[in-house]
Amino acid sequence: MQKISNILFIAVVLIFFVSCGSVDKDAKEAARFAKESVEHSKKHDLDAAADAFAKSQEIIASYREKPETAEFDSLFATYLVEDITTEEK
């Protein structure tokens with residue numbers, strides 16, 4: 001019985017870590033698309049800007065009303081700011 005309990009615990013921990021990596025990856029990708037949208041807008045390429053913006057919004061919308069919403073929002077804001085501050089240097 002103890003062995004099954006340990007295996008279940010390990011499985012739950014692994015699932016948690018896999019899902020956390022996905023939130024991080026998605027937040028980074030959404031920030032990248034948001035940044036691309038701004039860059040396309042600066043070049044007056046509004047179709048490409050709209051496409052990039054839509055991709056970013058699609059990822060963001062997938063995290064609404066989920067337990068990971070706060071984590072996603074925090075990571076997204078961090079990656080968006082990192083992109084901006086990196087360009088300024």
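This table checks each residue for (1) in contact with a Pro (Cβ under 9 Å, 6 or more places away or on another chain); (2) surrounded by fewer than 17 Cβ atoms within 10 Å (Cβ to Cβ); (3) modelled with pLDDT of 90 or more.
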| residue | (1), (2), (3) |
| --- | --- |
| Ile10 | no, yes, no |
| Val13 | no, yes, no |
| Ala27 | no, no, yes |
| Lys35 | no, no, yes |
| Lys42 | no, yes, yes |
| Asp47 | no, yes, yes |
| Gln57 | no, yes, yes |
| Ser62 | no, yes, yes |
Scan of segment 49-73 for residues that are free of Cβ contacts under 8 Å to residues at least 40 places away in the same chain and outside any helix (DSSP H, G or I), ordered by number: Ser62, Arg64, Glu65, Lys66, Pro67
Take segment 21-71 and flag every residue that is among the aliphatic types (A, V, I, L, M), over 15 Å from the mean Cα position of the chain (by Cα) and more than 16 Å from Val81 (Cβ to Cβ). Leu46, Ala48, Ala49, Ala50
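The values are calculated or read from the model by the stated rules, or taken from the named source; none is laboratory data. None of the values given here were measured: they were computed from a predicted structure. Note: ideal-geometry Cβ built from the backbone for every residue, glycine included; neighbour counts use all protein chains shown.
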